[in-house]
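For reference, the structure discussed in these notes is given below.
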Amino acid sequence: MTFENQLPNQFVNWLSDDKRGKIPCSPTGVVIDAHRPENWTDYATASASEYGVGFVLTEADPWFFLDLDKCYDEAKGVWTAEADMLFKSFPGAWGEVSQSGKGLHVMGHCDASRLSDRRNKWDGWKEFYTSKRFIAFGGHGWSQLGGEGLPGVTPDHTDILLKIVPERAGDNGELL
């Protein structure tokens, strides 16, 4: 079973804007509010569009999203050591290269109630979300990390996330 087929029908499309970045849209390119369920579609419909495929995380989902930005060392032609280590820390989760080709995405299962005290952004290049987030898929394809797991089974990664994602320490001006 492919990763996308494990996800609920909360797919949207996205288009790129030089000033606003990735903007959620319908399969026909009409700009939408990604957080309104009436705008969601299934993966087959979203992937048949000429626009990028995105997914919307909700509070009801068991999924987390880890976004590692700008972690490809172009001079060496490899991922940074820290990004590579983080990416490989989630066996059985799903990973992909971001749309830019310079970042990594990880999605897997977690218990979001145990992670509500965690930061959303830290170190200037790491982001973590469990809900209320529109995710622009990279288009490079998702693969299961650490080899093939059980078909259709994604292990819970809450304990790993508790070790990796820092606690919120208060509002210091950075998005928490």
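The values are calculated or read from the model by the stated rules, or taken from the named source; none is laboratory data. The structure presented is a predicted model; accordingly, all values stated were derived computationally and were not measured. Please note: Cβ atoms are built from the backbone with ideal geometry, for glycine as well, and neighbour counts cover all protein chains shown. Calculation scope for accessible area: heavy atoms of the full protein, side chains included, ligands and nucleic acids excluded. Shrake-Rupley method; radii C 1.70, N 1.55, O 1.52, S 1.80 Å.
In segment 42-79, what count of residues is obtained for those that are farther than 30 Å from ASP123 by Cα, in contact with a strand residue (DSSP E or B) (Cβ under 8 Å, 6 or more places away or on another chain) and surrounded by fewer than 18 Cβ atoms within 10 Å (Cβ to Cβ)?
3
Quick check: anything in segment 11-18 of a type in the set (Ser, Thr, Tyr), assigned to a helix (DSSP H, G or I) and either open to solvent by 40 Å² or more (accessible area, probe 1.4 Å) or closer than 24 Å to GLY92 by Cα (or both)?
Checking segment 11-18: not a single residue is of a type in the set (Ser, Thr, Tyr), assigned to a helix (DSSP H, G or I) and either open to solvent by 40 Å² or more (accessible area, probe 1.4 Å) or closer than 24 Å to GLY92 by Cα (or both).
What about ASP33, is it among the acidic types (Asp, Glu) and within 30 Å of ARG118 (Cβ to Cβ)?
For ASP33, the condition - among the acidic types (Asp, Glu) and within 30 Å of ARG118 (Cβ to Cβ) - is met.
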